[in-house]
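Trainee: This is the structure I have questions about; it appears just below.
Throughout, read-outs are computed from the coordinates displayed, never taken from laboratory work. It should be emphasised that the depicted structure is a prediction, and the values quoted were computed from it without experimental measurement. FYI the Cβ positions are ideal-geometry reconstructions off the backbone, even for glycines, and counts take in every protein chain you see.
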């Protein structure tokens, strides 16, 4: 029974396409996040939602649009994919708005843009 | 502002040897500190965390870390390395400052040789 699940695990697509990644958590956590991990393994925060409210929106191209239909789900839609979007995208959740107890991560979505 | 520095992008040890992964943080307020491990093609898994109280924290898989405020450090250790410990390790900090996220270090790859 996976706590934070992401789909798909792998995504290969052509430049210019639009794609979505889905994330669901069954932990009852209030806050969810999207992180991007680049080829050097650096983790960069993209977005954070608390109870469906967007609370963190880092400097991310407008082509990236998150959506949280309820506090258990956070999806990421990417328009007009570019080569530089290739990375591993991680969804995470935390119990509270301030993650004093850390995150629970999903297993990641490896996006390859060709 | 908060930041994390992990000394050494790669650390190599022999099986059975002591593991020491270094982490220093920068924070103007008492920190919450975390170590995560990432195995190949997997998400990040929480190894251990320091919030308050005892400064020596024990985690999973025989790892432990000690919070040293005077040195602003939170180094991760394990007395005897196993081949299965080979992975990427991330140190992270949070400072309980309103809308916050964990700030991650750049990671240290632990290599274990027979």
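Trainee: I want to check the label-to-label distance for residue A:20 and residue A:44. Put each point 7 Å from Cα in the C-beta direction and report it in nm to one decimal.
Mentor: 2.5
Trainee: For segment A:41-107, what does the relative contact order come out to in percent, with C-alpha contacts under 8 Å and a separation of six or more?
Mentor: 19
Trainee: I would also like to ask the following. Express in whole angstrom the spacing between the alpha-carbon centres of segment B:1-68 and segment A:23-45.
Mentor: 19
Trainee: Rounded to the nearest 5, what % of the DSSP beta bridges within the protein assembly as shown are antiparallel ones?
Mentor: If we restrict to bridges inside the protein assembly as shown, about 90 percent are antiparallel.
Trainee: Please work out the Kirkwood hydrodynamic radius for the protein assembly as shown, using every pair of different C-alpha atoms, and report it in angstroms with one decimal place.
Mentor: So the Kirkwood estimate lands at 18.1 Å.
Trainee: If you wrap a convex hull around the alpha carbons of chain A, what volume per residue comes out, as a whole number of Å³?
Mentor: Hull volume normalised by residue count: 94 Å³.
Trainee: Would you mind ranking A:56, B:60, A:78 by Cβ crowding within 10 Å, fewest neighbours first? Intermediate values should be presented prior to the final figure.
Mentor: Details: A:56 16, B:60 10, A:78 21.
Fewest to most other Cβ atoms nearby, the residues stand as B:60, A:56, A:78.
Trainee: Using Cα-only point scatterers and the Debye equation, what is log10 of I(q)/I(0) for segment B:32-114 at each q in 0.13, 0.20, 0.23 Å⁻¹, rounded to two decimals?
Mentor: Each listed q corresponds, in turn, to -0.42, -0.95, -1.20.
Trainee: Oh, and also: What ranking do A:30, A:18 get, fewest neighbouring Cβ atoms within 10 angstrom at the top?
Mentor: Ordered by Cβ neighbours within 10 Å, fewest first: A:18, A:30.
Trainee: Counting only other chains, and only Cβ atoms inside 10 Å, what mean value do you get across the residues of B:37-43? Present the calculation step by step, with values, prior to reporting the outcome.
Mentor: Working: counts 0, 7, 0, 0, 6, 3, 13.
Averaged over the peptide's residues, the number is 4.
Trainee: Roughly speaking, what is the stretch gain from residue B:29 to residue B:12, that is 0.36 nm per residue apart minus the C-alpha to C-alpha distance, in nm to one decimal?
Mentor: 2.8 nm
Trainee: Given chain B, what percent of its DSSP beta bridges are antiparallel, to the nearest 5?
Mentor: On the way: 35 of 40 bridges.
Within chain B, antiparallel bridges account for around 90 percent of the total.
Trainee: Mean-square fluctuation check for chain B, GNM, Cα pairs under 10 Å: which of B:25, B:39, B:89 is largest?
Mentor: B:39
Trainee: Follow-up. So how do A:10, B:32 line up by other beta-carbon neighbours within 10 Å, fewest first?
Mentor: A:10, B:32
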